[in-house]
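Let me begin by presenting the structure, written as C-alpha cells, before commenting on it.
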Amino acid sequence: MQPMEIEKKSFQIISRELGDKKLIPGTEEIVKRVIHCTADFDYADNLVFSEHVVPILRNAFLHGCNIVTDTMMAKSGINKSAAEKLGINIHCFIADKEVAQEAKERGVTRAAAAMERAAVLTGPCVFAIGNAPTAILSLLQCVREGKTDPVAVIGVPVGFVNVIESKEMLCNSKIPHIVARGRKGGSNVAAAICNAILYSIVQRG
C-alpha cells in the first residue's frame with residue numbers, strides 16, 4: 001500500500017472504532033490525528049478545547065503566525081511544506097547557546113528560558129508545548145508580566161512531575177488552549193495538533 005492509502009485506511013479504522021463517540025463539533029480532525037499518531041483512544045476523552053480555540057488557531061495559521069515549540073522533535077514533526085505555504089515561521093530555542101547559558105546561570109530549565117526568549121518575538125505566536133511542563137509555567141509567568149500575549153497555547157507535555165498541575169493552570173487561564181489532561185502527551189501530539197489544523201487549511205481550504 002502507498003503511504004496515503006495507509007493513512008486513509010488508518011483514519012477509517014479510527015472512525016470505526018470511535019463508533020458513536022460524541023466529539024466536540026469542529027475538533028474531530030484534531031482528535032483523530034492525535035489518535036493516529038499515538039494509537040491511543042484515551043485522547044478522545046482527555047483533549048480539552050477552550051471556547052473557539054480551533055477557529056482562533058485556524059485564523060492565526062491562515063495569516064502566517066509564528067509557531068513556537070519546546071522541543072526540536074515537535075518542530076521537526078510539524079509539516080514544513082504546509083507551514084511554508086501559509087507563511088508560518090516555526091521556532092524552537094531549546095538548543096540556543098544563549099538560552100542554555102541563561103538556564104545554567106539562573107538554575108532553571110532550558111525549556112523555561114526558551115519560553116522567555118520566545119516572548120520577544122514580534123508578530124502573533126502560537127505555542128506548541130509537548131514535553132516540558134516548565135515551559136508552560138514559564139510562559140504563564142511571561143503572560144502575567146505582560147511580556148507576551150499568545151494567540152493560543154497547545155499544552156500537551158508528557159510525564160509525572162508538575163505535568164498535571166501545569167496543564168490545569170493553563171486550563172484555568174484566559175489563554176485560548178488545547179490541553180491533554182492528565183499525564184499523557186508528547187512532542188508528537190503537539191505536532192499532530194498543529195498538522196491537523198494545517199492540513200484542514202492547505203488540503204481543503
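So here's what we get for this one:
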| item | result |
| --- | --- |
| Debye intensity ratio I(q)/I(0), log10, the stretch 1-86, q values 0.13, 0.16, 0.22 Å⁻¹ (C-alpha model) | -0.54, -0.83, -1.30 |
| Taking all pairs of distinct alpha-carbon atoms in the stretch 96-205, Kirkwood radius in angstrom | 14.4 |
| At most 15 other Cβ within 10 Å, DSSP loop - trypsin sites (Lys or Arg not before Pro), the stretch 106-205 | 147, 174, 183, 204 |
| Percent of Cα-Cα distances greater than 32 Å, calculated over the chain | 13 |
| Reachable lysines from residue 80, criterion Cα separation under 22 angstrom, eight or more residues apart if same chain | 8, 32 |
| Cβ crowding within 10 Å averaged over residues, with 94-104, 123-133, 154-164 ranked highest first | 123-133, 154-164, 94-104 |
| Charge tally in the Cβ shell below 13 Å around residue 21, where Lys, Arg are +1 and Asp, Glu are -1, residue 21 excluded | -2 |
| Amide hydrogen neighbours beyond the local backbone of residue 128, cut-off 5 Å, H modeled | 68, 69, 70, 154 |
| Gap separating the Cα centres of the stretch 15-85 and the stretch 104-154, nearest whole Å | 20 |
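Each value in this text was obtained by applying a stated rule to the coordinates, not by laboratory testing. Nothing here was measured: the structure is a model prediction, and the numbers come from that model. We place every Cβ from the backbone using ideal geometry, glycine too, and count neighbours over all the protein chains shown.
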